[in-house]
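Worksheet: one structure, shown below.
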Amino acid sequence: MTSFSEDTPIYRQIAQRIKADVLRGTLGPDERVMSTNELAEFYRINPATAAKAFQQLVEEDVIYKRRGIGMFVRPDAPSRLRREHRDRFFADVVRPMVVKANTIGIPLSEVIDRIQQMATEDDES
Amino acid sequence: MSILEARDLTLRYGKTTAVDRLSVRLDGGKIYGLLGRNGSGKTSLLSVLAGFRKASGGEALLDGDPVFENRNATRRICLIRETGDSVDDDWPYNRVRDALAFAGEVRPYWDPTYAAGLTDRFELSMGKRLGQLSRGQRAALACVLGLASRAPVTLFDECYLGLDAPSRYTFYDELLKDFMEHPRTIVISTHLIEEVSRLFEEVVVIHAGRLVVQEDAEELRSRGTSVIGPAEAVDRVTSGLVVTGEKRLGPTKSAMVLGEFDGARRTAAEEAGLELGPVALQDLFVHLTEGVGGPT
């Protein structure tokens, strides 16, 4: 059975997964998202929980509703999500890394060197 | 949709008080989880709500009418107990198909086609003698009887516990599918939370015959916060809050806090270098039902 972490509301985890699909392009602009019932069956969750996930995504302007047809990805959602993730990247990813490097005594210059090294390797492969 | 309600409900067996002035209201059209430890009064509460037992005090009501000895109410309620409550083995008609036929006669909303389909899904053979069913097969039959009853109020009292993992998933799938096609009130009592909690819209926690909490399942999931760090800082930040559990390891202390951890407190905690985290539903349940005032 698809697992969820026990410590965050399930609807938030589902909203997160749908946003990840939009970011990756698995769900394209104006593409139809699963219905509440499909989502409930797929994840084995209460349909009210699935509906809450959609409510959150509508409020965050990720999806829109077409009455009687279903939920669709807003055309501007991918670019907006990308922008949001870029804004949070330094706070969520870089900052904790810097704190950790300081704690265990790795000089930042060494971290930067390694990052550049990895980037070159990725370019070559 | 039918509204099932307990008002100041008490059930005593001799000197034992199994349900203690409990009030709870279950609005229609939801899947409820009734959570409580062994002996907390889950089965007693469900038995009174279904009209199987007479309350010692207070009332059990369906849409405002007393349930006990009220055919108009009990015909709309189906309580499935772990044993399945089916026909006796020493009866001449003692096979799976007879149990289904019997349910068809006493359950006004029974769907025989659906029952037959479910029997297949659970790999139960119609000709099998009831007395020869394994524990898992008996549990499967109980699930079939409850689902196919299509009763406006269906109460499952731990009946799925005897099922093996694949059959439990079958039960969850069928329950969700049928609930979406035929919305009704479903109550599932359990002490095993992790696996089924995602099926619930609302959760009712009872302990020692009393109501501890009734809340939206997702709200409950975000209700606890764990605070970890130097003991003195943890105490300062959590003062004035309901602390449900504490553990100490040397100078470090971890506390579990109930309720909203608001912005100011969160900032204070972060500035003091404390680690904040969520609390799993299972842990929350353990804390909610540990040492909470029992019957006096």
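The values are calculated or read from the model by the stated rules, or taken from the named source; none is laboratory data. All of these numbers come straight from a predicted model, not from anything done at the bench. Every residue, glycine as well, gets a Cβ built from its backbone with ideal geometry; the counts of neighbours run over all protein chains shown. The protein model used for the area step is the full one, side chains on, heavy atoms only, and it has no ligands, DNA or RNA in it. Shrake-Rupley method; radii C 1.70, N 1.55, O 1.52, S 1.80 Å.
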* Structure fact -> Those residues of the stretch A:51-73 which are among the charged types (D, E, K, R), outside any loop (DSSP other than H, G, I, E, B) and more than 10 Å from chain B (Cβ to nearest Cβ) amount to A:E59, A:K65, A:R66
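Listed here are the residues, each with its yes/no results for (1) open to solvent by less than 40 Å² (accessible area, probe 1.4 Å); (2) small (G, A, S); (3) more than 11 Å from chain B (Cβ to nearest Cβ); (4) outside any loop (DSSP other than H, G, I, E, B).
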position: A:F4; (1), (2), (3), (4): yes, no, no, no
position: A:Y11; (1), (2), (3), (4): no, no, no, yes
position: A:D21; (1), (2), (3), (4): no, no, yes, yes
position: A:T49; (1), (2), (3), (4): yes, no, no, yes
position: A:P75; (1), (2), (3), (4): no, no, yes, no
* To do: Give the number of residues within the stretch B:250-281 that are part of a strand (DSSP E or B) and either acidic (D, E) or touching a residue at least 40 places away in the same chain (Cβ under 8 Å) (or both).
  => 4
* Structure fact -> Scanning the stretch A:77-107 for residues that are more than 21 Å from the chain's Cα centre (by Cα) and open to solvent by 80 Å² or more (accessible area, probe 1.4 Å), the one nearest to A:Q16 (Cα to Cα) turns out to be A:K100
* Is it true that some residue in the stretch B:49-65 is among the hydroxyl-bearing types (S, T, Y), surrounded by fewer than 17 Cβ atoms within 10 Å (Cβ to Cβ) and at pLDDT below 95? -> no
* Asked: Going through the stretch B:208-222 one residue at a time, which ones are open to solvent by 30 Å² or more (accessible area, probe 1.4 Å) and either free of Cβ contacts under 8 Å to residues at least 40 places away in the same chain or closer than 21 Å to B:L26 by Cα (or both)?
  -> B:R210, B:L211, B:V212, B:Q214, B:E215, B:D216, B:E219
* Structure fact -> Inside the stretch A:23-47, the number of residues satisfying the requirement of being in a loop (DSSP other than H, G, I, E, B) and of a type in the set (A, V, I, L, M) is 4
